[in-house]
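Laboratory data are not the source of any read-out in this text; all were calculated from the coordinates shown. On a predicted model such as this, the values are computed, not experimentally measured, just so you know. In this analysis, Cβ positions are derived from the backbone assuming ideal geometry, glycine residues included, and neighbour counts consider all displayed protein chains.
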Amino acid sequence: VTHFSVYSTEETPSSGGSSSGSSDDALGGGAVRTSPGLTVDKREIAVSLKQGEVKSDSIFIENGGSKTSISLEVSDDISDFVKLSEKNFELAVGESKEVLIEFAAGENAPAGTHIGKILVNYGDSRREILVVIDIVQKEAVFDISVEIAPDNSVVAPGGTVVAEVTLFNSGDAG
């Protein structure tokens, strides 16, 4: 391994009050339990899209605490590229729910890396999921064939080469 990156997310109280009795206990599989008992299965999501492409992912949320109202928000940095299947819902204690995430880069979406967050609000706690979206520019798809006449197989420097060049359209870049 010659290079690696480390990303970190943490629970952030959404109100000015203290978060006494809270803890972030790392659970197996990258899931994180946040105070008071909310489990989210991902800390970060990274996706690569071509302009015009759509991909899907999901997060699982489990309520191991006492509150039941959960709301999700997408930070403004990535809101043009992320759509959540649900933003506000009730989740009884002990229940879990899958929230689908659709990542979409429009045909004219700006190429580059876009970084933002999905915020999971639960009572006075806020869970942040780092989202990295890499949008690559859609490129033309074609093939080229070059045929050089047999009598031009050896040419002196500065000489002329006769060739037949054919360009093939291989279809849409999507």
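Amide H contacts under 5 Å for A109: G52, restricted to partners 5 or more places along the chain or on a different chain, H placed in the peptide plane at 1.01 Å from N. Label sites at F142 and V162, each approximated as a point 7 angstrom past Cα along Cα to Cβ, lie 2.5 nm apart.
Over all Cα atoms in segment 75-156, the spread is summed up by Rg and Dmax: 24.3, 82 Å. Remark on S58: its backbone amide H falls under 5 Å from those of I101, a criterion applied only to residues 5 or more positions apart or on other chains, H modelled at 1.01 Å from N.
Taking a Cβ cut-off of under 15 Å around S153, the surrounding Lys, Arg, Asp and Glu residues balance to a net charge of -3, with basic ones at +1 and acidic ones at -1.
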